[in-house]
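The values are calculated or read from the model by the stated rules, or taken from the named source; none is laboratory data. Small disclaimer: the values here were computed from a predicted structure and weren't measured. For neighbour counting, all protein chains shown are included, and Cβ atoms are generated from backbone atoms with ideal geometry for every residue, glycine included. Just the protein is used for accessible areas: all its heavy atoms, side chains included, with ligands, DNA and RNA removed. Shrake-Rupley method; radii C 1.70, N 1.55, O 1.52, S 1.80 Å.
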Amino acid sequence: MTVYFIGAGPGAADLITVRGARRLAASPVCLYAGSLVPRELLAECPADARLVDTSQLNLDEILGEFTAAHAAGLDVARLHSGDPSVFSAVAEQMRRLDAAGIPYEVVPGVPAFAAAAAALKRELTVPTVGQTVILTRIAQQATPMPEGEDLATLGHSGALLVLHLATRYVDRVVAELLPHYGAECPVAVVAMASRPDELILRGTLADIADAVKSAGLVRTSVIIVGRTLAASQFPDSHLYSPARDRHAC
């Protein structure tokens, strides 16, 4: 018996990995993260699978499902949106499974920021413009941010920022980043990336807050801030340069 933490991807059912889909189709128990997981994926479960919506369960109740499946010798597909490595709350579940001696495996998924970049048709790292991407959030009615990871501190880097779980607090995001990025810094907000109701807002730090509020966005969105979003004048990557020695180690 194994618990499979599977990244379901950002929303589109066909963005789950082949491995994830195979694990899902073979697991007689599926725990899924409510509406964040596309319903089409649940149709891939075995016809007689036990389906459990965990959106209203606490950690002890989720562990109870794992324990019961373990006792019955049944594999569990634990579906999380996006990729399990980022803001998925799998760490505390794995800690509980370690303590209980229940085996598990992590299957990566397509993260929300990658789906957002695809929707924007942008590479987030551009030669001489930006080569660093910071994935973060803000602390607002949630777990406090560690010291030194506030937006004001991260903004000093000038790196491209991808903010999860922050759309509701867009005014605060703008206020904290303006001193470091400037009013004309490009910003994009992508809601429901890869889904039929996907929405893309483009602007700058000067006007993005009004756009977000006009659109009524409060969740299931990422905010991307940085110069690479609008970069057009940059040298070609050295990767495909004709001057590159392709025989060098």
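If we keep just the residues of the range 192-215 that are open to solvent by 40 Å² or more (accessible area, probe 1.4 Å) and under 21 Å from the mean Cα position of the chain (by Cα), which is farthest from Leu154 (Cα to Cα)? Break it down into steps so the answer makes sense when it comes.
Let us first name the residues in the range 192-215 that are open to solvent by 40 Å² or more (accessible area, probe 1.4 Å), namely 192, 195-200, 202, 206-207, 210, 213-215.
Within this subset, residues satisfying the condition of being under 21 Å from the mean Cα position of the chain (by Cα) are 192, 195-200, 202.
Values: Met192: 26, Arg195: 30, Pro196: 33, Asp197: 31, Glu198: 28, Leu199: 27, Ile200: 24, Arg202: 22 Å.
This residue is Pro196.
Here Leu135 clears all of (1) farther than 24 Å from Ser81 by Cβ; (2) open to solvent by 30 Å² or more (accessible area, probe 1.4 Å); (3) modelled with pLDDT of 95 or more; (4) not in a helix (DSSP H, G or I) except the condition numbered (1).
Taken together, the residues in the range 138-153 that are β-branched (Val, Ile, Thr) and surrounded by fewer than 16 Cβ atoms within 10 Å (Cβ to Cβ) amount to 2.
Only one of these conditions is not met by Ala99: (1) open to solvent by 60 Å² or more (accessible area, probe 1.4 Å); (2) modelled with pLDDT of 95 or more; (3) more than 30 Å from Leu154 (Cα to Cα); (4) in contact with a strand residue (DSSP E or B) (Cβ under 9 Å, 6 or more places away or on another chain). Which number is it? Among (1) open to solvent by 60 Å² or more (accessible area, probe 1.4 Å); (2) modelled with pLDDT of 95 or more; (3) more than 30 Å from Leu154 (Cα to Cα); (4) in contact with a strand residue (DSSP E or B) (Cβ under 9 Å, 6 or more places away or on another chain), Ala99 violates only (4). Meeting the requirement of 1 or more residues that are more than 20 Å from Leu165 (Cα to Cα), within 18 Å of the chain's Cα centre (by Cα) and not aromatic (Phe, Trp, Tyr), the strands (runs of 3 or more DSSP E) wholly within the range 37-123 are 76-80, 104-107. Between Pro186, Pro179, the distinction of being open to solvent by 70 Å² or more (accessible area, probe 1.4 Å) and more than 29 Å from Ser35 (Cα to Cα) belongs to Pro179 only. Take the conditions touching a strand residue (DSSP E or B) at 6+ places or on another chain (Cβ under 9 Å) and farther than 19 Å from Phe113 by Cα and apply them to Leu24. Does it pass? Here the answer is yes, as Leu24 does meet what is asked. Restricting to the range 192-229, what's the tally of residues that are more than 16 Å from Val162 (Cβ to Cβ) and part of a helix (DSSP H, G or I)? Residues flagged as more than 16 Å from Val162 (Cβ to Cβ) and part of a helix (DSSP H, G or I) within the range 192-229 amount to 6. Counting the residues of the range 158-191 that are under 22 Å from the mean Cα position of the chain (by Cα), in a loop (DSSP other than H, G, I, E, B) and more than 20 Å from Pro111 (Cα to Cα) gives 1.
Looking across the range 1-24 at every residue that is within 22 Å of Gly101 (Cα to Cα) and part of a loop (DSSP other than H, G, I, E, B), the one that is least open to solvent (accessible area, probe 1.4 Å) is identified as Thr2.
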